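> Here it is, the structure, as structure tokens.
The values are calculated or read from the model by the stated rules, or taken from the named source; none is laboratory data. Because the structure is a prediction, the values reported are computed rather than measured. Here the Cβ positions follow ideal geometry from the backbone for every residue, glycine too, while neighbour counts run over all protein chains shown. SASA here: full protein model, heavy atoms, side chains in, ligands and nucleic acids out. Shrake-Rupley method; radii C 1.70, N 1.55, O 1.52, S 1.80 Å.
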Amino acid sequence: MKRIGVLTGGGDAPGLNAVLRAVVRTAERAYGAEVIGILDGFKGLLDGRFRHLCGPDVRELIRMGGTVLGTTNRDNPFACPGEDGPIDRSDECLENARKAGLDALIIIGGDGTLRIAADLGRRGLNVIGVPKTIDNDLASTDYTFGFWTAIDTATEALDRLRDTAESHHRVMLLEVMGRHAGWIALHAGIAGAADVILIPEIPYDPHSVAKTVVRCQERGRASSVLVVAEGAMPRGGEMAVVAVDPTTGVKRLGGAGERLARELEALTRCDVRVTVLGHLQRGGSPVAFDRILATRFGEAAVHVAMEGRFNRMIRLADGRIEDVDLDEAVRETKLIDPRGLGGPLLKTARALGIAFGDE
Ligand code: F6P
């Protein structure tokens, strides 16, 4: 009997559990194979903490947020904390996978986790990557699961903010996730009829944003609603950073909305309020699109594993589920490019009169 491991890594995203469900069901029903869940991401692989997953364990999982595999985290077996700095413990991952009799390991994660997966693959582990992130910033797939749930959450927040903005004649600013790429801000901004969308790919001029807000008022609109990606920055400025992780060097972002609010208050004398949507975007029941995408990814990952094709990543390309070389798949971040990806959506937004702070 074949035995497939499955691990969830990085920040969570709605749909992780739906992938697990699809992996277990497909493995059992199509191949009579066994599935071993790795608890707590790479930490569990290092410690050899596994849990057998079978049909009844994944019942109802399609609608649940989070992951049933304990915690998901950003631990990196190639750079574990050691007394004299980071140490490489990837050997232990390989050894534990071998001891557990895993024929393949499906690793569900965003860019960081999938880069680790590719490195483990190079070291000889039979890995298959499944792309996940609410940010949708993985270059080789049209969409990652979790993204459309995050957009729905952000759109609902914009609708609610519009109501209260109107009631108080205020400028309402919604800060959403999106570290290097503004996909959530762009989609939610269009769906939620924002007046301004600020994204990391287009540094903004505070004077231009202020002009848009004033123009809204001059046209008789008492309120404005703005959506700002956490990684958005003013021209010539930097991303707003709260802290830097001393081990990984990863920046924790925060404050982009507040920074802009202060600038706008000074420039327009408007009453500005900020809402940071934060991790509300990462939790909750996945929307139908994410459930289906996660399910298709999980099913495909099992087929690829059973065909013995490793170092592959499952992706969505023009509506089709395919697999591509994992190493290549994680090479680039998918950014909004006015002349390329996301360009048509930017054009639509601009045609509707949405401003990007660069006019
Ligand atoms: O999942 C990606 C992401 O949502 C980024 O947009 C954000 O900067 C980051 O995760 C925050 O993650 P955490 O608070 O878990 O470190």
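> Using a 1.4 Å probe on the protein heavy atoms only, what accessible surface does residue 168 show? Give it in Å² to the nearest 10.
Looks like 100 Å² after rounding.
> Right, something else. Collect residues whose amide H, placed 1.01 Å from N in the peptide plane, falls under 5 Å from the amide H of residue 5; neighbours closer than 5 in sequence don't count.
The answer is 36, 103, 104, 105, 106.
> GNM on the chain, C-alpha springs below 10 Å: top fluctuator among 33, 329, 194?
Of the options given, 33 has the highest mean-square fluctuation.
> At a probe size of 1.4 Å, how large is the accessible area of residue 292, to the nearest 10 Å²?
100
> Per 10 Å bin, what is the whole-percent P(r) computed from every C-alpha pair distance within region 214-259?
In whole percents, the pair-distance histogram is 23, 34, 27, 11, 6, 0.
> What do you get for Rg/Rh of the chain when both radii come from the Cα atoms and Rh is the Kirkwood radius?
My calculation of the ratio gives 1.02.
> Can you compute the FRET efficiency between residue 167 and residue 280 using 1/(1 + (r/R0)^6), with r the Cβ-Cβ distance and R0 = 25 Å? Round to the nearest 0.05.
Efficiency computed from Cβ-Cβ geometry: 0.70.
> Hey, another quick one. Using DSSP to call loops (not H, G, I, E or B), can you name the trypsin sites (Lys or Arg not before Pro) in region 13-72 whose Cβ has at most 12 other Cβ atoms within 10 angstrom?
Here the sparse-neighbourhood loop sites are 59.
> Whole-Hz ³J(HN,Hα) for each residue in region 328-340, computed from phi via Karplus 6.51 cos²θ - 1.76 cosθ + 1.60 with θ = phi - 60°, x for glycine and proline: what do you get?
5, 4, 9, 5, 10, 8, 8, 9, 7, 10, x, 9, x
> While we're looking at this one, here's another question. Using the Cα gyration tensor of region 10-67, with a ≥ b ≥ c the square roots of its eigenvalues, what is the shape: rounded (a/c below 1.5), prolate (a/b larger than b/c) or oblate (neither)?
Cα axes put region 10-67 in the oblate bin.
> Using the heavy atoms of the protein chains alone and a 1.4 angstrom probe, what is the accessible area of region 224-359 per residue in square angstrom?
Accessible surface, normalised per residue, equals 51 Å².
> Kindly identify region 174-234 as rounded, prolate or oblate by the Cα gyration tensor criterion: order the square roots of the eigenvalues as a ≥ b ≥ c, call it rounded if a/c is under 1.5, otherwise compare a/b with b/c, prolate if a/b is larger, else oblate.
Oblate.
> Debye sum, Cα scatterers, region 1-160, no solvent: what log₁₀ I/I(0) at q = 0.09, 0.13 1/Å?
Each listed q maps to, in turn, -0.30, -0.60.
> Could you report the accessible area of residue 74 in Å², rounded to 10, computed with a 1.4 Å probe on the protein chains as they sit in the structure?
My reading of the accessible area for residue 74 is about 150 Å².
> Rounded, prolate or oblate for region 280-359? Axes are the square roots of the Cα gyration tensor eigenvalues, ordered a ≥ b ≥ c, and the cut-off for rounded is a/c under 1.5.
Here region 280-359 falls in the prolate category.
> Can you work out the Karplus-derived ³J(HN,Hα) for every residue in region 228-242? Use 6.51 cos²θ - 1.76 cosθ + 1.60 with θ = phi - 60°, whole Hz, and x for glycine or proline.
Running phi through 6.51 cos²θ - 1.76 cosθ + 1.60 with θ = phi - 60° gives 10, 6, 4, x, 5, 9, x, 3, x, x, 10, 5, 7, 10, 8 Hz.
> In the Gaussian network model of the chain, springs joining C-alpha atoms below 10 Å, which of 238, 322, 299 carries the largest mean-square fluctuation?
238
> How big is the shadow of the Cα convex hull of region 124-253, averaged over all directions, in nm²?
10.3
> Taking H as built 1.01 Å from N, whose amide H comes closer than 5 Å to the amide H of residue 87, not counting residues under 5 places away?
Under 5 Å from the amide H of residue 87 lie the amide H atoms of 80, 82, each far enough along the sequence or on another chain.
> Could you work out [θ]222 nm for the chain from helices alone, using -39500 (n - 2.57) per DSSP H run of at least four and dividing by all its residues? Round to the nearest 500 deg cm²/dmol.
Value at 222 nm, helices only, nearest 500: -11500 deg cm²/dmol.
> Now for a different question. Within the chain, what whole-number % of the accessible surface is contributed by carbon and sulfur, with the 1.4 Å probe and all protein chains included in the calculation?
It is 49 percent, rounded to a whole number.
> Between 134, 151, 321, where does the largest GNM mean-square fluctuation fall for the chain, given springs only between Cα atoms within less than 10 Å?
Sorting by GNM fluctuation, first place goes to 321.
> With θ taken as phi - 60° and the coefficients 6.51, -1.76 and 1.60, list the Karplus ³J(HN,Hα) couplings across region 257-265 in order, rounded to whole Hz; mark glycine and proline as x.
x, 4, 4, 5, 4, 5, 5, 5, 4
> Sticking with this one: Using amide H atoms built 1.01 Å from N in the peptide plane, name the residues 5+ places from residue 145, or on other chains, whose amide H lies under 5 Å from its own.
133
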